[in-house]
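Chemist: Attaching a single structure in structure tokens format; questions to follow.
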Amino acid sequence: MTISKNQESYVFQCKISETPAQVIGGKGTRITVEKDGKVYEDILDGVTGAAVGALGWGDEYMVGVVTDAVKSSTYSYPSLMGNKESEELAKFYIDHSPKGTFASALWCCSGSEANENCMKIMYQYWLERGKTKKTKFISRMTSYHGFTIGALSLSENARADDFRPILLPKTQCLKMPVCYPYRFQKKGQTEAEYVQELLDALEKLIVDNDPETIISVTVETLPGSSLGTVPPPKGYLPGIRALCNKYDILMHLDEVMCGTGRSNPNGGLNCWENFMPLDQGPDLQTVGKTLGSGYATIAGVLVSPKVRNAYINGSNQVLGAHTYSSHAFNCKVALGVQKKLIGNGLTKNIFEMGNLMGKTLKEKLLSEDNIVGDVRGIGGFWSIELVKDRETKAVFDPKLDLGHRLHGICFQNGLNVMGMQGCVNQQTNEGDFITLAPSFIITKDDVDEIVKRAVKSVNDLTAALK
Ligand code: PLP
């Protein structure tokens with residue numbers, strides 16, 4: 001079927017009356033896209049949907065995994081029966097994380113749903129321990145945790161503001177300052193001083209709001225869609241861990257976008273292993289996206305022994321009943337994905353190739369006269385932030401919508417990226433960036449090509465603004 005330019009979309013999402021560009025095929029690191037009646041082949045996929053497609057597209061091995069999953073898997077309603085596939089996936093994730101970090105997993109269908117479940121698991125954890133006053137969540141300014149009501153309440157961005165009247169009250173979803181050294185580490189301030197300032201602010205928030213009422217602190221290990229892949233400075237995440245321990249509060253890391261192998265330094269799964277001692281991980285962690293790599297819609301909540309034990313010693317029951325939790329097909333497909341990512345050294349590959357991509361982009365873009373202010377990230381997750389003036393870091397007029405414009409130019413130059421706005425001010429949409437999150441199978445040639453196309457696109461946009 002060919003969709004003509006003016007035909008209305010039948011799908012109720014995004015701009016309803018416009019037919020969006022449509023992916024009509026994909027192989028490896030390349031996708032074919034139909035846009036306005038024209039077919040674009042050989043688009044290098046620099047962002048794999050939204051940091052999803054770890055294995056790349058049209059993977060022959062996955063044809064076997066998916067076929068097998070259809071043939072052998074049985075659906076079971078989790079409140080009545082379990083299945084072996086969900087057990088095996090949970091065991092795999094636990095075994096490939098630092099020893100003792102996780103003890104259980106709940107599988108669901110999206111990152112938003114994972115965070116929604118996580119909020120309830122954390123609240124119930126305190127009920128199991130008899131702490132009924134614990135009803136408040138802490139998360140961060142300029143953050144994104146999903147589009148359901150609970151996850152949006154944890155978030156702080158323009159999307160959340162659109163729905164403010166129906167979200168959890170701000171007094172119950174407290175916000176600590178964003179961690180964003182490029183913008184907010186003051187001139188003359190050391191990294192350690194900046195980190196201390198952030199931790200002091202968090203501690204004040206905890207104390208001012210009565211630690212006995214705080215359920216948890218949630219942060220994205222490497223924030224993606226709201227800020228543009230800002231690696232946490234040294235000591236920041238361990239500092240949050242220490243404050244959570246001090247005040248008996250749960251620490252929850254949202255690794256929906258950055259985790260499951262995208263940015264792990266040891267060929268494993270968790271992004272926080274870059275930034276925290278391996279024996280001091282989070283109490284809970286949410287994951288998604290690369291878990292199913294686009295071949296299955298799966299996400300999850302990983303639970304530490306501490307949380308699991310509180311349940312076992314309490315009611316021994318996780319409240320909640322979703323029809324598609326622990327979905328056998330999804331779990332089997334995700335396990336197939338993960339076995340290949342780890343077994344074939346692809347998590348190691350993306351860490352190495354991703355860092356090469358990021359470092360080369362940084363060298364090239366920051367040594368030339370253009371509109372790039374910062375290039376940041378780690379492993380397979382990088383962003384390029386645009387500024388009007390490198391010295392003052394002044395942002396462009398949001399009406400110019402340069403993040404999205406650069407996305408369009410990249411596409412014309414054969415590179416798929418994600419263009420965004422609002423990293424500096426979510427309310428006014430100030431601050432433009434693009435994000436790169438290629439598949440784990442990228443080669444050195446792909447890296448060279450991504451860099452070439454991205455640099456050309458930045459230069460094209462810079463020239464167009466003169
Ligand atoms: N958490 C983070 C950090 C995300 O980046 C996202 C999506 O981009 C989500 C949660 C929500 O995931 P989903 O879109 O699968 O609901």
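Chemist: Of all residues in segment 419-466 being at pLDDT below 95 and among the polar types (S, T, N, Q), which is nearest to THR360 (Cα to Cα)?
Modeler: Only one residue tops the list, namely GLN421.
Chemist: Now for a separate question. Select the helices (runs of 4 or more DSSP H) contained entirely in segment 137-243, then report the ones holding at least 3 residues which are of a type in the set (Asp, Glu). Break it down stepwise before answering.
Modeler: On the way: elements: 149-154, 158-162, 181-184, 191-208.
Once the helices (runs of 4 or more DSSP H) in segment 137-243 are filtered for at least 3 residues that are of a type in the set (Asp, Glu), what remains is 191-208.
Chemist: Restricting attention to segment 423-442, report how many residues are part of a loop (DSSP other than H, G, I, E, B) and touching a residue at least 40 places away in the same chain (Cβ under 8 Å).
Modeler: 9
Chemist: Sticking with this one: Might you check whether a residue that is assigned to a loop (DSSP other than H, G, I, E, B) and exposed (fewer than 15 other Cβ atoms within 10 Å of the Cβ) occurs anywhere in segment 91-106?
Modeler: yes
A quick yes/no check of all residues on (1) away from the ligand (no atom under 16 Å from the Cβ); (2) surrounded by 17 or more Cβ atoms within 10 Å (Cβ to Cβ); (3) aliphatic (A, V, I, L, M); (4) modelled with pLDDT of 95 or more:
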residue: TYR180; (1), (2), (3), (4): no, yes, no, yes
residue: GLU193; (1), (2), (3), (4): yes, no, no, yes
residue: ALA242; (1), (2), (3), (4): yes, no, yes, yes
residue: ASN245; (1), (2), (3), (4): yes, no, no, yes
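Chemist: Let me ask another. Name every residue in segment 95-114 that is within 16 Å of the ligand (Cβ to nearest atom) and out of contact with any Phe, Trp or Tyr (no Cβ under 8 Å at 6 or more places or on another chain), in order of residue number.
Modeler: LEU106, TRP107, SER110, GLY111, GLU113, ALA114
Chemist: Report, by residue number, each residue of segment 312-340 that is more than 19 Å from LEU80 (Cβ to Cβ), out of contact with any Leu (no Cβ under 7 Å at 6 or more places or on another chain) and either modelled with pLDDT under 95 or not basic (Lys, Arg) (or both).
Modeler: ILE312, ASN313, GLY314, VAL333, GLY336, GLN338
Chemist: Looking at the structure I just gave you, is LEU174 surrounded by 21 or more Cβ atoms within 10 Å (Cβ to Cβ) and either in contact (Cβ under 8 Å) with a residue 24 or more places away in the chain or within 15 Å of the ligand (Cβ to nearest atom) (or both)?
Modeler: No, not satisfied.
Chemist: May I ask you to list the residues in segment 22-64 that are in contact with a strand residue (DSSP E or B) (Cβ under 6 Å, 6 or more places away or on another chain) and either outside any strand (DSSP E or B) or within 16 Å of the ligand (Cβ to nearest atom) (or both)?
Modeler: THR29, GLY46, VAL47, GLY56, GLY58 - these are the residues of segment 22-64 that are in contact with a strand residue (DSSP E or B) (Cβ under 6 Å, 6 or more places away or on another chain) and either outside any strand (DSSP E or B) or within 16 Å of the ligand (Cβ to nearest atom) (or both).
Chemist: Could you go through segment 291-304 and let me know if any residue there is farther than 25 Å from PHE433 by Cβ, at pLDDT 95 or above and either surrounded by fewer than 16 Cβ atoms within 10 Å (Cβ to Cβ) or away from the ligand (no atom under 16 Å from the Cβ) (or both).
Modeler: Taking every residue of segment 291-304 in turn, at least one turns out to be farther than 25 Å from PHE433 by Cβ, at pLDDT 95 or above and either surrounded by fewer than 16 Cβ atoms within 10 Å (Cβ to Cβ) or away from the ligand (no atom under 16 Å from the Cβ) (or both).
Chemist: Oh, and also: Out of ASP283, ASP254, I need the residue that is in contact with a Cys (Cβ under 9 Å, 6 or more places away or on another chain), within 12 Å of the ligand (Cβ to nearest atom) and among the charged types (D, E, K, R). Which one?
Modeler: One residue alone meets the criteria, ASP254.
Chemist: Can I ask one more? Within the group LEU198, LEU227, LEU253, LEU237, which residue is modelled with pLDDT under 95 and buried (at least 24 other Cβ atoms within 10 Å of the Cβ)? Write out each step before concluding.
Modeler: Details: LEU198 fails: modelled with pLDDT under 95; LEU253 fails: modelled with pLDDT under 95; LEU237 fails: modelled with pLDDT under 95.
Answer to the check: LEU227.
Chemist: Next question. Of the residues ASN117, ASN157, which single one is modelled with pLDDT under 95, surrounded by 15 or more Cβ atoms within 10 Å (Cβ to Cβ) and within 16 Å of the ligand (Cβ to nearest atom)?
Modeler: Sole residue among the options that is modelled with pLDDT under 95, surrounded by 15 or more Cβ atoms within 10 Å (Cβ to Cβ) and within 16 Å of the ligand (Cβ to nearest atom): ASN157.
Chemist: Still on this structure, please answer the following. Being in contact (Cβ under 8 Å) with a residue 60 or more places away in the chain and either more than 28 Å from PHE440 (Cα to Cα) or of a type in the set (A, V, I, L, M, F, W, C) (or both) is the filter here, so list the residues in segment 36-56 that pass it. Steps first, please.
Modeler: Of segment 36-56, the ones in contact (Cβ under 8 Å) with a residue 60 or more places away in the chain are 40, 42-56.
Once the filter is applied, which keeps residues that are in contact (Cβ under 8 Å) with a residue 60 or more places away in the chain and either more than 28 Å from PHE440 (Cα to Cα) or of a type in the set (A, V, I, L, M, F, W, C) (or both), segment 36-56 yields ILE43, LEU44, VAL47, ALA50, ALA51, VAL52, ALA54, LEU55.
Chemist: To continue, here is another question. Tell me which of these ARG308 doesn't satisfy, since it passes every other one: (1) within 16 Å of the ligand (Cβ to nearest atom); (2) of a type in the set (Lys, Arg); (3) out of contact with any helix residue (DSSP H, G or I) (no Cβ under 9 Å at 6 or more places or on another chain).
Modeler: (1)
Chemist: For segment 216-239, state whether one or more residues are in contact with a Pro (Cβ under 9 Å, 6 or more places away or on another chain), among the hydroxyl-bearing types (Ser, Thr, Tyr), within 16 Å of the ligand (Cβ to nearest atom) and under 26 Å from ARG159 (Cα atoms).
Modeler: So far as segment 216-239 goes, yes, one or more of its residues are in contact with a Pro (Cβ under 9 Å, 6 or more places away or on another chain), among the hydroxyl-bearing types (Ser, Thr, Tyr), within 16 Å of the ligand (Cβ to nearest atom) and under 26 Å from ARG159 (Cα atoms).
Chemist: Still on this structure: Would you be able to tell me the number of residues in segment 257-278 that are closer than 21 Å to LYS340 by Cα, buried (at least 24 other Cβ atoms within 10 Å of the Cβ) and more than 11 Å from the ligand (Cβ to nearest atom)?
Modeler: Going through segment 257-278 one residue at a time, the tally reaches 7.
Chemist: Just one of the numbered conditions (1) assigned to a loop (DSSP other than H, G, I, E, B); (2) touching a strand residue (DSSP E or B) at 6+ places or on another chain (Cβ under 9 Å); (3) basic (Lys, Arg) is not true of LYS133; which one?
Modeler: Exception for LYS133: condition (2).
One line per residue, one yes/no per condition, for (1) modelled with pLDDT of 95 or more; (2) surrounded by 15 or more Cβ atoms within 10 Å (Cβ to Cβ):
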site	(1), (2)
ASN6	no, no
SER9	no, yes
LYS15	no, no
THR19	no, yes
GLN22	no, no
GLY28	yes, yes
THR32	yes, yes
LYS38	no, no
ILE43	yes, yes
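Chemist: Going residue by residue through segment 276-289, is there one that turns out to be at pLDDT 95 or above, within 24 Å of TRP57 (Cα to Cα) and out of contact with any Leu (no Cβ under 8 Å at 6 or more places or on another chain)?
Modeler: So far as segment 276-289 goes, yes, one or more of its residues are at pLDDT 95 or above, within 24 Å of TRP57 (Cα to Cα) and out of contact with any Leu (no Cβ under 8 Å at 6 or more places or on another chain).
Chemist: Quick check on segment 367-422: of everything there that is surrounded by fewer than 17 Cβ atoms within 10 Å (Cβ to Cβ) and part of a strand (DSSP E or B), which residue is farthest from the chain's Cα centre (by Cα)?
Modeler: ASP389
The values are calculated or read from the model by the stated rules, or taken from the named source; none is laboratory data. The structure displayed is predicted, hence computed values, not measured ones. Cβ: placed from backbone, ideal geometry, glycine included. Neighbour counts: every protein chain shown.
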